[in-house]
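Asks: For reference, the structure I am asking about is given below.
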Amino acid sequence: GAVVSQHPSWVICKSGTSVKIECRSLDFQATTMFWYRQFPKQSLMLMATSNEGSKATYEQGVEKDKFLINHASLTLSTLTVTSAHPEDSSFYICSARTGTNSVNDNSPLHFGNGTRLTVT
Amino acid sequence: QKEVEQNSGPLSVPEGAIASLNCTYSDRVSQSFFWYRQYSGKSPELIMSIYSNGDKEDGRFTAQLNKASQYVSLLIRDSQPSDSATYLCAVKTGGYQKVTFGIGTKLQVIP
């Protein structure tokens, strides 16, 4: 159980274009999903918390107008990198919990396979 | 001060030895602690969760938690070359949904 599917696994795009990444919970409903980014030899950094049916919560320093998040259903969240630039090249990973997702939910995160974005 | 600190390594151990990975955290009210394994180019996969002080064993893995010292560790017994990966320590503070990750310790198991 607790399978999170992410698509695409890799994408190469030209500078200035937009890229959409999908994250699906396959065998559970995820009211909340988390989007992380990982640069080479660095830790996972939380970008935003995606809440079904409401606006995402972005971490400090993450531009909400650049990284558009939509969580329209209990099993799907999307991250769109708008007007991508080479500095946006990174490994983007979504995750979700199988628990209630309340602030006291201590269940672990389950990760998708990640999307390697390269902007040329 | 970083919220979750790990030595980035690499930590090299011979095959069959015990690998000891350490992590400290800064927020005293942290409640949930996780160890993830991440192979190069892949996403993290959960190894263990621990919530109470003491030891928790699962096969060759033992997680240890000491909340008074704000310290959590992972022991890998009978290390195998396939254990070579980066091990991420993750901490969740009660009252928040956010999980914070350390930089990870790169483990190399030498055949």
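Asks: Residues of the range B:56-111 being at the interface with chain A (Cβ under 9 Å from one of its Cβ atoms), aromatic (F, W, Y) and not in a loop (DSSP other than H, G, I, E, B), which ones?
Replies: The answer is B:F101, and nothing else.
Asks: Next question. Which one of B:A68, B:A19 is open to solvent by 50 Å² or more (accessible area, probe 1.4 Å) and either touching a Leu at 6+ places or on another chain (Cβ under 7 Å) or free of Cβ contacts under 8 Å to residues at least 24 places away in the same chain (or both)?
Replies: Values: B:A19 fails: open to solvent by 50 Å² or more (accessible area, probe 1.4 Å).
Of the residues listed, the single one that is open to solvent by 50 Å² or more (accessible area, probe 1.4 Å) and either touching a Leu at 6+ places or on another chain (Cβ under 7 Å) or free of Cβ contacts under 8 Å to residues at least 24 places away in the same chain (or both) is B:A68.
Asks: Restricting to the range A:16-48, name every residue that is surrounded by fewer than 16 Cβ atoms within 10 Å (Cβ to Cβ), polar (S, T, N, Q) and within 14 Å of another protein chain (Cβ to nearest Cβ).
Replies: A:Q42
Asks: Looking only at residues that are within 9 Å of another protein chain (Cβ to nearest Cβ) and modelled with pLDDT under 95 in the range B:5-41, which one is farthest from B:L75 (Cα to Cα)? Give the steps one after another, and end with the answer.
Replies: Initial filter on the range B:5-41 (within 9 Å of another protein chain (Cβ to nearest Cβ)): B:6, B:8, B:31-32, B:34, B:36, B:38, B:41.
Retained after the next criterion (residues that are modelled with pLDDT under 95): B:8, B:31-32, B:41.
Values: B:S8: 16, B:Q31: 20, B:S32: 18, B:G41: 24 Å.
Top of the filtered list is B:G41.
Asks: To continue, here is another question. Suppose we keep only residues that are at the interface with chain B (Cβ under 7 Å from one of its Cβ atoms) and more than 18 Å from A:R24 (Cβ to Cβ) within the range A:104-120. Which one would you say is surrounded by the most Cβ atoms within 10 Å (Cβ to Cβ)?
Replies: Only one residue tops the list, namely A:P108.
Asks: Can you find a residue in the range A:60-69 that is exposed (fewer than 15 other Cβ atoms within 10 Å of the Cβ), outside any loop (DSSP other than H, G, I, E, B) and within 14 Å of chain B (Cβ to nearest Cβ)?
Replies: Scanning the range A:60-69 turns up no residue that is exposed (fewer than 15 other Cβ atoms within 10 Å of the Cβ), outside any loop (DSSP other than H, G, I, E, B) and within 14 Å of chain B (Cβ to nearest Cβ).
The values are calculated or read from the model by the stated rules, or taken from the named source; none is laboratory data. Treat the numbers as computed from the prediction; the structure is a model and nothing was measured. Here the Cβ is made from the backbone with ideal geometry for all residues, glycine too, and neighbour counts use every protein chain on show. Heavy atoms of the whole protein, side chains included, go into the accessibility calculation; ligands, DNA and RNA do not. Shrake-Rupley method; radii C 1.70, N 1.55, O 1.52, S 1.80 Å.
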